[in-house]
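The values are calculated or read from the model by the stated rules, or taken from the named source; none is laboratory data. For clarity, every value in this text was computed on a predicted model and none was experimentally measured. Cβ placement follows ideal geometry from the backbone for every residue including glycine, while neighbour counts extend to all protein chains displayed. Only protein heavy atoms, including side chains, enter the accessible area calculation; ligands, DNA and RNA are left aside. Shrake-Rupley method; radii C 1.70, N 1.55, O 1.52, S 1.80 Å.
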Amino acid sequence: MSTNLRIDGARLVSRLEALSRIGATPEGGCRRLALTDEDKQGRDWLLSQMQALGLDVKVDAIGNIVGILKGQQQGPAVILGSHIDTVGTGGRFDGALGVIAGVEVLAALRDAGLTPKRDMAVIAFTNEEGARFHPDMLGSYVWAGGMSVEAAHAEKDSEGVVLGAELNRIGYHGPEQPGFLKAHAYLELHIEQGPVLEGDGGGLGAVTGIQAICWLELTLRGRPSHAGTTPMAYRKDPGLAAARINIFANELTKTISGQLANSGVIRVEPGNVNVVPERVVMSLDLRNPNDAPLAETEAAVRKFCAELSERDGIEISFRDLARFPATPFAEELIAGMEASAAELGLPIRRMISGAGHDAQMMSRLCPTAMVFIPSIGGLSHNPAEFSTDEDMVKGANVLLSAAWRAANA
Ligand code: HGY
Ligand code: MN
Ligand code: MN
């Protein structure tokens, strides 16, 4: 790479700030749940930025937004990307940084009058968070051929709103077939979202892969009854069963190496103070760097639920919301991230990603890698999520260098 090629740091920061104002929350974060009006506003803004840059902009049938910089030769492209949708208590950086940095990389090449050998592109993938529609990484999952457009369009949120209808409502049901742009390599810049880099002196992360993930939805049915007159022994209380399951999953994290468990959704019906619940819908987010212990955890949870159901007369049914294996990245691209950091005199260390990312899907199609910048306080999916301008610029320059190398190799 021409060694003095750098991104425009001020432009990167100001674009991130502009996107942060869309769906801004009073607590200082962002709330742009997939396919909501706020997500549409972010999409419209991003589209205008890509068009102003002179990229060839396309939208596919699941709403992925693709900005293409033509290379000297026909053939598979080097693709950069991430997402602009957020969780309900989102921060300003999760996903947005990777999309904005991808746009900035292409802008820097344009400013330098450089045309890469291969096409390059930046993609903002639909519904990466999986906070509203399931599974997470849905747009990149469809792009990678893991799920059909029809099945994705049929997904519903917790209010029963259909994904395809929302996509049409916000005007992002595009004409292109997901995956229309063949990939030579995929690179993603993202905040770490955990405490590792900050705790390790604040350098960058060369991501070696992403841990395995399993999202389950459990529906527990009992018998609604009066909380004052029903003797405890006569109750069929799904709320109590849900609490026992949550504790059981948490206990497993103490005995199964690397295991994580979270129950982020617990909906109790009818939700009245004086009624023993009739029905509870709860989620379990189970993750592990390795597939085998994750499978062991899920089997133990299912066995516990079967026994609980039998003993306490609670009907328990399961629904898969997401299930992705542990995903290693491409050694030559990981080494490329390290080489780019070294060229720039920046400390970098290898690490696995605790969070899921679109890169987990793109690695089904092509060699893939990620670079992380530190998250201050290790916080994410929280309005106080924070990374410094300086680290954003460092990460984006490593992305530029690694992408330029891949686009001309
Ligand atoms: O859940 C995740 O790991 C990602 O933020 N979608
Ligand atoms: Mn993300
Ligand atoms: Mn996230």
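Structure notes:
- Pick from segment 133-148, criterion more than 10 Å from Met361 (Cα to Cα) and crowded, with 24+ Cβ neighbours inside 10 Å, ranking: farthest from ligand 1 (Cβ to nearest atom): Phe133
- If you go through segment 18-59 and keep only what is within 15 Å of Leu97 (Cα to Cα), without any contact (Cβ under 8 Å) to a residue 24 or more places away in the chain and of a type in the set (D, E, K, R), you end up with just Arg21.
- Per-region count, segment 47-62, residues part of a loop (DSSP other than H, G, I, E, B), within 22 Å of Ser401 (Cα to Cα) and open to solvent by less than 20 Å² (accessible area, probe 1.4 Å): 1
- Segment 314-409 holds strands (runs of 3 or more DSSP E) entirely within its bounds, and those carrying 3 or more residues that are closer than 25 Å to Leu109 by Cα map to 368-373.
- Taking segment 187-234 as the range and being among the hydroxyl-bearing types (Ser, Thr, Tyr), open to solvent by less than 30 Å² (accessible area, probe 1.4 Å) and not in a strand (DSSP E or B) as the test, only Thr230 passes.
- Segment 63-96 - residue that is free of Cβ contacts under 8 Å to residues at least 60 places away in the same chain and surrounded by 24 or more Cβ atoms within 10 Å (Cβ to Cβ) and, of those, nearest to ligand 1 (Cβ to nearest atom): Asp85
- Looking only at segment 340-361, and only at residues there that are open to solvent by less than 20 Å² (accessible area, probe 1.4 Å) and more than 16 Å from ligand 3 (Cβ to nearest atom), the one that is nearest to Gln259 (Cα to Cα): Met351
- Residue in segment 155-162 that is away from ligand 2 (no atom under 16 Å from the Cβ) and of a type in the set (A, V, I, L, M, F, W, C) present: yes
- Selection from segment 9-46 of residues that are part of a loop (DSSP other than H, G, I, E, B) and either of a type in the set (S, T, N, Q) or not assigned by TED's automatic domain parsing to the domain that holds Leu109 (or both): Thr25, Thr36
- Among the residues of segment 1-23, those that are loosely packed, with under 12 Cβ neighbours inside 10 Å and at pLDDT below 95 comprise Ser2, Thr3, Asn4.
For every residue, the table says whether it meets (1) within 18 Å of the chain's Cα centre (by Cα); (2) hydroxyl-bearing (Ser, Thr, Tyr).
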site	(1), (2)
Asp358	yes, no
Ser363	yes, yes
Ile376	no, no
Leu379	yes, no
Asn382	yes, no
Lys394	no, no
Asn397	no, no
Ala402	no, no
Ala407	no, no
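- Taken over segment 381-403, the criterion of being open to solvent by 30 Å² or more (accessible area, probe 1.4 Å) and hydrophobic (A, V, I, L, M, F, W, C) is satisfied by Ala384, Phe386, Val393.
- Positions within segment 323-358 being within 16 Å of ligand 1 (Cβ to nearest atom), under 19 Å from Gly98 (Cβ atoms) and of a type in the set (Gly, Ala, Ser), in sequence order: Ser353, Gly354, Ala355, Gly356
- In segment 267-295, residue most open to solvent (accessible area, probe 1.4 Å) [restricted to those that are away from ligand 1 (no atom under 16 Å from the Cβ) and assigned to a loop (DSSP other than H, G, I, E, B)]: Val273
- Wholly within segment 97-186, helices (runs of 4 or more DSSP H) carrying at least 3 residues that are under 17 Å from the mean Cα position of the chain (by Cα): 138-143
- Restricting segment 301-335 to residues that are β-branched (Val, Ile, Thr) and in contact with a helix residue (DSSP H, G or I) (Cβ under 8 Å, 6 or more places away or on another chain), the residue that is most open to solvent (accessible area, probe 1.4 Å) is Ile316.
- Any hit, segment 185-194, residues being in contact with a His (Cβ under 7 Å, 6 or more places away or on another chain) and under 30 Å from Ala409 (Cα atoms): yes
- In this structure, Val99 qualifies as in contact with a strand residue (DSSP E or B) (Cβ under 7 Å, 6 or more places away or on another chain), in the same structural domain as Leu379 (by TED's automatic domain parsing) and within 16 Å of Arg15 (Cα to Cα).
- Any chance Glu298 is open to solvent by less than 50 Å² (accessible area, probe 1.4 Å) and modelled with pLDDT of 95 or more: yes
- Which listed residue is in contact with a Cys (Cβ under 6 Å, 6 or more places away or on another chain) and either within 11 Å of ligand 3 (Cβ to nearest atom) or within 16 Å of Asp39 (Cβ to Cβ) (or both), from Gly139, Gly95, Gly90, Gly130: Gly90
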